[in-house]
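Report on the structure given below.
The values are calculated or read from the model by the stated rules, or taken from the named source; none is laboratory data. Bear in mind the structure is a predicted one, so any value in this text is a computation, not a measurement. A quick note on method: Cβ atoms are made from the backbone with ideal geometry, for glycine too, and the neighbour counts reach across all protein chains shown. With ligands, DNA and RNA removed, areas are computed over all heavy atoms of the protein, side chains included. Shrake-Rupley method; radii C 1.70, N 1.55, O 1.52, S 1.80 Å.
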Amino acid sequence: IRGKMATPKLLAWAALIGLVALVPANSQIKIVDLDGSGTSNHATVMWRAADWIKARSKPFAQITYRSIGTGAGQDDLTVTAPMSRSDFGCGDFPLSRERWAAATASGNPVLHVPLLVGSVSVFANLPGDDSLLSPVRLSPCTLIKIFKGEVTQWDDADIVADNKDNTQALALLKGPIQVVKRRNGSSSTFGLTNYLNKTQGPLSCASTWPAGSVGSNVNVWPANAVEVSNSQSMVAGLLARTGSIGYVESGQGIDAGLHEVAILGASGDWLVTNDFSTEIYPKSPEVQAYFARDLSADWSDVSLIYMNEPRLWPITLVTYAYVRQNVTSLGDAGGLLKMYMGFLLGNDVQTWFPALGFKSIASAQRNAYRVFLEANLQIAADSAVWQYEVTTNNMTDIINIDTPTAAAVNAAAAQADFVISKQRDSYVLRTIDAVVADVDTLKSASKFGNPYQVHGSGSPQAA
């Protein structure tokens with residue numbers, strides 16, 4: 001390289017240029033790209049699904065997802081109607097009526113596709129090892145005061161009153177409180193502030209959470225509140241500050257070992273997410289109607305927060321994918337988006353949820369969504385139709401994942417382009433899955449302490 005020292009970085013670029021020069025002029029590297037953004041609550045699901053598809057696709061399918069919050073994800077999809085900065089978005093609350101109407105008026109409506117059910121919890125970083133202690137209880141009235149900066153010490157009389165019958169928790173309550181909050185527009189902020197606003201009336205709270213600070217534009221936080229950008233940084237922010245309190249998707253906080261605060265449900269019971277029923281599709285007509293709504297309809301008026309339904313967590317959020325109904329401008333990526341939505345609603349992804357703290361929407365309802373998308377999500381006439389190879393019938397069947405009832409096609413097509421095959425895989429992904437399983441086993445064992453021999457007892461006991 002004339003005139004410059006050949007550093008390792010420059011040599012690497014030279015090697016790359018040399019390799020490119022060896023590629024025949026008429027050859028093409030086929031890559032189909034799809035980019036989305038939105039809520040950080042279920043970002044792990046989106047990243048894992050993208051890696052899963054990338055390892056099994058032909059040609060190479062590159063799917064990216066930016067974890068930036070629900071509000072920002074909605075902006076990316078709708079701010080430049082009818083075109084968008086993103087190919088799809090995700091969020092834990094519906095588009096506002098005004099935003100949905102504007103998208104509809106543009107001639108390219110936004111569909112709401114429910115993907116999963118999750119929850120937001122309040123977490124604290126309290127001093128000492130509290131793993132064997134009862135959860136600290138904080139009523140909505142007390143939480144309002146904490147998140148407005150009116151209660152600033154853990155031994156405040158309101159907190160002590162909430163825990164008067166909880167002597168184990170009282171031992172932890174000392175020192176100043178540091179509030180950690182998300183940026184405006186996050187879905188976890190939407191969930192928490194809706195909960196505080198809905199509970200204050202029935203409980204006759206002396207301090208109230210104003211309606212103008214519900215959802216996206218909260219202006220009553222304490223002046224010294226620490227602001228973070230997403231769920232992952234919320235967990236990090238709480239772990240870094242003893243005495244802090246914040247809110248995040250339940251599974252992430254629990255997995256990080258944070259102290260989950262017990263909150264009040266509509267039934268008047270103190271609850272933590274261990275009390276959250278595994279049944280996510282209750283039989284009440286109100287909840288059934290929620291999930292059965294037309295995907296092209298206005299969803300802005302529906303919410304499961306603080307619903308008087310004993311099988312629902314008080315701050316329950318449904319995670320949606322937001323997709324434009326007409327994606328013909330995406331070319332082959334339009335077909336990939338259609339397949340991707342079907343994959344996220346399919347059974348493979350549902351098996352990931354228990355470890356992440358999420359719950360599935362009923363299978364029949366998910367299949368109804370997939371049929372709707374097959375009929376109504378418009379892709380370009382010349383867009384590739386992506387298919388999905390399954391492992392049944394001696395690994396010869398291929399189905400179109402967008403159509404659950406589609407018949408198998410010729411097995412010879414399995415090696416053709418635009419097929420997602422379970423027979424392809426990634427060594428890295430398989431190794432990671434094995435390591436995660438081992439870590440989960442170790443975490444479970446560590447809850448009971450290290451086994452040791454009690455002197456003279458002759459039997460191992462838990463530490």
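Just a few scattered comments:
- Within the range 205-233, if we keep just the residues that are assigned to a loop (DSSP other than H, G, I, E, B), without any contact (Cβ under 8 Å) to a residue 60 or more places away in the chain and surrounded by fewer than 17 Cβ atoms within 10 Å (Cβ to Cβ), the residue that is nearest to the chain's Cα centre (by Cα) turns out to be Asn217.
- Among the residues making up the range 193-204, a single one is more than 26 Å from the chain's Cα centre (by Cα) and assigned to a helix (DSSP H, G or I): Gln200.
- Residue selected from the range 302-329 under the condition open to solvent by less than 10 Å² (accessible area, probe 1.4 Å) and of a type in the set (S, T, N, Q), by the criterion nearest to Val287 (Cα to Cα): Thr316
- Filter pass, Asp332 being in contact with a Ser or Thr (Cβ under 7 Å, 6 or more places away or on another chain), open to solvent by 30 Å² or more (accessible area, probe 1.4 Å) and on the phi < 0 side of the Ramachandran plot: yes
- Scope the range 159-201; condition touching a helix residue (DSSP H, G or I) at 6+ places or on another chain (Cβ under 9 Å) and open to solvent by 50 Å² or more (accessible area, probe 1.4 Å); matching residues: Val160, Ala161, Lys164, Leu170, Arg183, Asn184, Lys198
- Inclusion of Ile53 among residues that are at pLDDT below 95, in a loop (DSSP other than H, G, I, E, B) and closer than 26 Å to Tyr427 by Cα is not warranted.
- Being of a type outside the set (D, E, K, R), within 25 Å of the chain's Cα centre (by Cα) and more than 30 Å from Val323 (Cβ to Cβ) is a property that Pro135 has.
- Condition check for Ala362: open to solvent by 30 Å² or more (accessible area, probe 1.4 Å), more than 26 Å from Gln423 (Cα to Cα) and within 24 Å of the chain's Cα centre (by Cα): yes
- Residue that is nearest to Asp417 (Cα to Cα), among those in the range 40-96 that are of a type in the set (Ser, Thr, Tyr) and under 12 Å from the mean Cα position of the chain (by Cα): Tyr65
- Selection status of Ala12, out of contact with any strand residue (DSSP E or B) (no Cβ under 8 Å at 6 or more places or on another chain), at pLDDT 70 or above and assigned to a helix (DSSP H, G or I): no
- Thr351 being open to solvent by 40 Å² or more (accessible area, probe 1.4 Å), β-branched (Val, Ile, Thr), at pLDDT 80 or above and in contact with a strand residue (DSSP E or B) (Cβ under 9 Å, 6 or more places away or on another chain): no
- Options Val385, Val428: the member that is open to solvent by 40 Å² or more (accessible area, probe 1.4 Å), at pLDDT 75 or above, farther than 28 Å from Val113 by Cα and among the aliphatic types (A, V, I, L, M): Val428
- Taken together, the criteria place Gly253 among residues that are surrounded by 23 or more Cβ atoms within 10 Å (Cβ to Cβ), within 27 Å of Lys164 (Cα to Cα) and at pLDDT below 95.
- Identity of the residue in the range 290-301, at pLDDT 90 or above and of a type in the set (Gly, Ala, Ser), that ends up surrounded by the fewest Cβ atoms within 10 Å (Cβ to Cβ): Ala297
- Once the range 98-119 is narrowed to residues that are among the β-branched types (Val, Ile, Thr) and modelled with pLDDT of 95 or more, the residue that is surrounded by the most Cβ atoms within 10 Å (Cβ to Cβ) is Val110.
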